[in-house]
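Scroll down for the structure; my scribbles are underneath it.
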Amino acid sequence: MVGSGENGFQTSHPLDCNVFLLDGGTEHALIDAGSGVEPKRIAANIEHAGVPTDRVKHLLLTHAHGDHAAGARFFRDLFGVEVTCSKEAAPWLEQGDTEKTSIRLAREAGVYPEGFRLDPCPVTSPVADNDTITVGDLELRVLETPGHSRGHVSYLWTEDGHSSLFGGDTVFAGGKILIQNIWDCSLQEYAETASKLDRLRLDRLYPGHGPFLLSEAHRHVRRANLEFERLRVPPNLQ
Ligand SMILES: [Zn+2]
């Protein structure tokens, strides 16, 4: 973990989501980019981890909300990373679209400060469900996981029979979810995503906020899915 804000471990700017650095041997991948407010703090954490910056070749974005994607342009310029996000969210990122990403609304609601921006960032690899991504020696599978927002994907990594999910804002520790009053948040899609993730019987979960889980993550996902199956809404994060 090289970045995390006030909903997490507070190792970088308070508005940052959890930012993970995946070690694929010859190459590393950043999972999400943080808010872009003080991205240098994340870059410093990468340096402290002793990772040569020329090994950071990929940036894999789960979705285009400001706390996850507004730092993308910084890391693209700093490391020359290839940027991966869903096909649906790619144009929003490339155009710096503050409507589709709900950044204008979030700014007006005081979630983000007044000067908060989404710098347009070219997307190298727009991906869809079941695509595979290679990071050095590792292979990740793309899962479309809408509900929290449109254009949300998660990245599944399976090794030695253990599955790890970089889940962005799908399911969090304790079976929590993150519903927001925005145009593209959908309870029905969220329920389908929870059911899809439940079927994976995940070992490890690295979510976009809060603690990560290093075993039996499926218990937490199950809790969220059971609530949806009973036609209820799982508890919201915070
Ligand atoms: Zn989000």
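Picking from TYR190, TYR206, which residue would you name as being within 16 Å of the ligand (Cβ to nearest atom), in contact with a Phe, Trp or Tyr (Cβ under 9 Å, 6 or more places away or on another chain), within 27 Å of SER125 (Cα to Cα) and assigned to a helix (DSSP H, G or I)?
One residue alone meets the criteria, TYR190.
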Quiz item: Which of the residues spanning segment 61-115 are surrounded by 19 or more Cβ atoms within 10 Å (Cβ to Cβ), of a type in the set (Gly, Ala, Ser), touching a helix residue (DSSP H, G or I) at 6+ places or on another chain (Cβ under 9 Å) and not in a helix (DSSP H, G or I)?
Solution: ALA64, ALA70, GLY71, ALA89, SER102
Exercise. Could you grab the pairs with beta carbons closer than 6 Å, sequence gap of 6+ or different chains, first residue in segment 172-193 and on the phi > 0 side of the Ramachandran plot, second one of a type in the set (A, V, I, L, M, F, W, C) and more than 12 Å from the ligand (Cβ to nearest atom)?
Key: GLY175/ALA224
Practice problem: Scan (1) within 26 Å of LEU22 (Cα to Cα); (2) in contact with a helix residue (DSSP H, G or I) (Cβ under 9 Å, 6 or more places away or on another chain); (3) not aliphatic (A, V, I, L, M) for the single condition SER215 breaks and write down its number. | Solution: (2)
Quiz item: What about LYS40, is it under 21 Å from CYS121 (Cα atoms), in contact (Cβ under 8 Å) with a residue 60 or more places away in the chain and surrounded by fewer than 20 Cβ atoms within 10 Å (Cβ to Cβ)?
Solution: no
Quiz prompt | Residue in segment 118-162 that is surrounded by the most Cβ atoms within 10 Å (Cβ to Cβ), counting only those that are at pLDDT below 95 and in a loop (DSSP other than H, G, I, E, B) | solution = GLY161
Quiz prompt | Residues of segment 141-186 that turn out to be within 17 Å of ASN225 (Cα to Cα), within 12 Å of the ligand (Cβ to nearest atom) and within 14 Å of the chain's Cα centre (by Cα), as a count | solution = 11
Practice problem: Determine if segment 110-132 includes at least one residue that is within 16 Å of the ligand (Cβ to nearest atom), of a type outside the set (A, V, I, L, M, F, W, C), touching a Pro at 6+ places or on another chain (Cβ under 7 Å) and over 15 Å from GLU88 (Cα atoms). | Solution: no
Practice problem: State all residues of segment 4-30 that are away from the ligand (no atom under 14 Å from the Cβ), within 12 Å of the chain's Cα centre (by Cα) and buried (at least 24 other Cβ atoms within 10 Å of the Cβ); if no residue qualifies, say none. | Solution: SER4, LEU30
Quiz prompt | segment 61-108: number of residues that are in contact with a strand residue (DSSP E or B) (Cβ under 7 Å, 6 or more places away or on another chain) and away from the ligand (no atom under 16 Å from the Cβ) | solution = 9
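The values are calculated or read from the model by the stated rules, or taken from the named source; none is laboratory data. On a predicted model such as this, the values are computed, not experimentally measured, just so you know. Positions of Cβ are backbone-derived with ideal geometry, glycine not excepted, and every protein chain shown enters the neighbour counts.
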